[in-house]
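Input: a single structure, listed below in structure tokens.
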Amino acid sequence: MFITLTIIIVIAAIILTFVVLIQNSKGGGLAAGFSSANQVFGVRKTTDRIEKFTWILIGTIVVLSVFAAGVHKHSRGENTVSSVSKYADEQVATQKAQQQAQPLNGGDEQGEE
């Protein structure tokens with residue numbers, strides 16, 4: 001499910017990229033090359049539809065991203081310990097094992113000198 005959502009998000013982001021490039025911004029954008037066709041159908045309606053589609057794509061990406069994060073968190077389990085915590089616990093356990101393995105009677109070492 002998470003992979004499917006990720007693929008949908010990537011596709012929506014690619015489509016969003018092309019829609020943003022098509023928009024008629026202050027500089028003209030790629031839509032400036034199609035100005036004669038826009039005059040026949042009405043420039044205002046075309047830009048309104050493109051802008052509305054842009055906002056729909058943005059909303060879709062946001063909602064799917066939040067949903068994907070929830071699905072990913074839920075699939076891993078809520079009591080999952082991070083890898084950093086696991087590493088720290090392993091280090092503490094290793095240090096405790098090393099301390100227990102050391103001889104407890106330090107007097108023998110002093111007597112040998």
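The values are calculated or read from the model by the stated rules, or taken from the named source; none is laboratory data. It should be emphasised that the depicted structure is a prediction, and the values quoted were computed from it without experimental measurement. Here Cβ is always computed from backbone atoms with ideal geometry, including for glycine, and neighbour counts include all displayed protein chains.
Observations, loosely collected:
- In the condition set (1) in a helix (DSSP H, G or I); (2) at pLDDT 65 or above, Val40 is compliant with all but (2).
- Taking every residue in region 87-102 that is in contact (Cβ under 8 Å) with a residue 40 or more places away in the chain and pairing it with any residue that is surrounded by 10 or more Cβ atoms within 10 Å (Cβ to Cβ), at least 6 positions away or on another chain, yields no pair with a Cβ-Cβ distance below 8 Å.
- Any hit, region 47-57, residues being at pLDDT 85 or above and among the polar types (S, T, N, Q): yes
- Residue count for region 76-96, restricted to those that are of a type in the set (Lys, Arg) and modelled with pLDDT of 80 or more: 1.
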